[in-house]
Structures are given as structure tokens and as C-alpha cells.
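> Please find one structure pasted underneath; my questions will follow.
No value in this document is a laboratory result; all are computed from the given coordinates. This one's a predicted model, so the numbers in the text were calculated from it and none came from an experiment. For neighbour counting, all protein chains shown are included, and Cβ atoms are generated from backbone atoms with ideal geometry for every residue, glycine included.
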Ligand code: SF4
């Protein structure tokens, strides 16, 4: 049977327009993420992330470097959003996330961009760093759905999310893809100015998994729905890989798809911090994989 994303039903029942209204309210005293800046973004004020009222997109293209279940045969339809609410000192995309590289984009423009990615055969719509623009993204869906959008929506985020906003995305997002960065507040404070990151990510992962479950793929191995977790191994144990993987195995599911990534490289202001001014060693990466295996995790790495 052909895949029908759950947002189509929300749209047909009129629930999607209710969600759009509620999410828009968050922009008035912005509480879209745990930073809770309380600035009125609808009036042009900006908070920690730097984002205003209008959506900004840096690029839209079929991405072939994502996880195999997202890439499939024709790529993941990736839309890079400008700015970021986490703003790590080692950011690998700092020109987009910190410096604001991108173009102002209306909801209609975004709807057209999604439809274009569908037309060229992409298997999903992959919003990269969507947190601070969640209301604007959801507001662009009705026009896209009316014009035939039927691809799963991927929410490709840092995991530093408001639990209330994630609840409002139930049935809108088909695939959650959080990058679990830390489980130790010393490092999340130091490198992302977010001491509450470990506490937040635990709740967020549980809520995401409650909504969509473990990653499900179709007969061709292409992702349709579920939780796809990323974890970037950092030098010197900064990413607390053992604690992250233990939490996933014990509190989420041993069937979680976990992409344990080895591509950390010192970027942006990482050179100012001796712990993270180098790449990881083969040994550090091997240890993370061994830990995952010993915990009976078995998908994605
Ligand atoms: S989304 Fe941006 S403005 Fe809103 S609370 Fe988060 S950091 Fe602040």
C-alpha cells in the first residue's frame, strides 16, 4: 500500500490549521526552545538564535550524504534552515547557523521547494535545524499538501527542543532525527552554553519515540517513519558516548537506529578549546562502537 504521511489526515481533519495557530503564538514571546528568550519575533525582535519572523533557507537540494534509509536511490530532499538555537562552538556549518547565510523565504516559496524536491524523486523532506522555525515550516504545509506533497517529513535537529513544541508536532513529523550531543552538563555548558541539554534531551528522546517508535523502512529499505538518532563522537569523551548509548539502549529501545558518527573536525571556535581542537582517534571511535554493541544496539552503525 502506498505510504500516506500522517500530516495528510491532520490537514483533512482541520487539525493542522489549529496547530499552525497555536505554534504562531509561540513567536510572540518566543518559547520555541528551552532558551525561552521571550522576544516578540512577530515584531522583528530576535533572541539567542538570531532568527526573526520570516523563515530563512540556506539551500534546498537532494542530499546523498545522509543515512542510507533517507538517501535511498534519489537522495534526501534537504532544506537547510538559517540560524540555530544551540550554536555550538565547534559548529560544522557556522556560516549558516551563526553568521546567518540564507535567503528570506515565504511559506509559498517553501511549499514550492518541497514539491520540487518531490518531483525530482527525493524520498523525504529533510528540514535541517528546524527548531527555531517550526511554526513557519508547519504553516507552509497546507499549500504543499493541497498540491500533492506526500513525502515523509524529517525533523533533523540538535535535540535542544521545547517538549511542548514537540508535542504539537505529533502527526506532522514522520521521522525525528535528533543529534544527541552530550550527557554531561559540564560540556554542554562549555561548548553549547546549554547546561540543561542532558536533562532536555532525555525528555525529548522519550517524547519523540512515544510518537513515532523505532525507525520503520519499506521493502526497498527507505525510511517511512520513526526515530533515527545521530551521535557525533567527540575527542576526549566530551560527547559522553557511553552515557548517551546507555540511555538509548535502556530508556528508549535497543532497536533504535543510531548513526554513530566519526567525522568530527575542529571548526569555528573549537581551536580555542584544547579538549576539542583535534579530530577523534580510531581508538575513540572503536570504543564507542564496542560500547554500542555491548549494550545490544544493532542498527545504524
Ligand atoms: S527559538 Fe530562538 S528566540 Fe526562540 S527561544 Fe529559542 S533561541 Fe530564543
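> Using 7 Å Cα-to-Cβ label points, what is the residue 59/residue 42 separation (nm, one decimal)?
About 3.5 nm, to one decimal.
> Follow-up question, since we're still on this one. Spin-label point model (7 Å from Cα, Cβ direction): what's the residue 28 to residue 210 distance in nm?
If labels sit at residue 28 and residue 210, their model points lie 2.7 nm apart.
> Output the antiparallel fraction of DSSP beta bridges having both residues in the chain, as a percent to the nearest 5.
Working: 10 of 33 bridges.
About 30 percent, rounded to the nearest 5.
> Let me ask something else. Using a ≥ b ≥ c from the Cα gyration tensor of segment 23-117 (square roots of the eigenvalues), is it rounded, prolate or oblate, where a/c under 1.5 gives rounded and otherwise the larger of a/b and b/c decides, a/b for prolate?
Values: a/c = 2.21, a/b = 1.57, b/c = 1.41.
Prolate is the answer for segment 23-117, as a/c is 1.5 or above and a/b outweighs b/c.
> Among DSSP bridges having both ends in segment 179-287, what percentage is antiparallel? Round to the nearest 5. Don't skip to the end; give the middle numbers.
Details: 2 of 9 bridges.
Bridges in segment 179-287 are about 20 percent antiparallel.
> Still on this model: Using the beta-carbon distance between residue 272 and residue 186 and R0 = 22 Å, what value does 1/(1 + (r/R0)^6) give for FRET efficiency, to the nearest 0.05?
Numbers: r = 17 Å, r/R0 = 0.76.
Using R0 = 22 Å, I get an efficiency of 0.85.
> Follow-up question, since we're still on this one. For the residues 273, 282, 231, 209, what sequence is obtained by ranking on other C-beta atoms within 10 Å, fewest first? Write down the numbers at each step before the final one.
Working: 273 15, 282 8, 231 24, 209 19.
In order of increasing Cβ crowding within 10 Å: 282, 273, 209, 231.
> Report the full-extension gain for the segment residue 95 to residue 254: residue separation times 0.36 nm, less the Cα-Cα distance, to one decimal in nm. Walk me through the numbers before you get to the answer.
Numbers: separation 159, 0.36 × 159 = 57.24 nm, distance 3.62 nm.
Result for the pair: 53.6 nm of gain on full extension.
> OK, next. Full-extension gain between residue 263 and residue 281, please, as 0.36 nm times their residue separation minus the C-alpha to C-alpha distance. Intermediate results must be reported in sequence, preceding the final value.
Numbers: separation 18, 0.36 × 18 = 6.48 nm, distance 1.06 nm.
Net length gain for the segment: 5.4 nm.
> Would you please give the FRET efficiency between residue 18 and residue 104, computed as 1/(1 + (r/R0)^6) with r the Cβ-Cβ distance and R0 = 25 Å, to the nearest 0.05?
Details: r = 27 Å, r/R0 = 1.06.
With a Förster radius of 25 Å, E is 0.40.
> Give the dimensionless ratio obtained when the Cα radius of gyration of the chain is divided by 2.2 N^0.38 Å. Please list the in-between numbers first.
Numbers: Rg = 18.3 Å, N = 301, 2.2 N^0.38 = 19.2 Å.
Against the compact-globule rule of thumb, the ratio is 0.95.
> In whole angstrom, note down how far apart the Cα centers of segment 15-80 and segment 128-189 are.
Measuring centre to centre over Cα atoms gives 7 Å.
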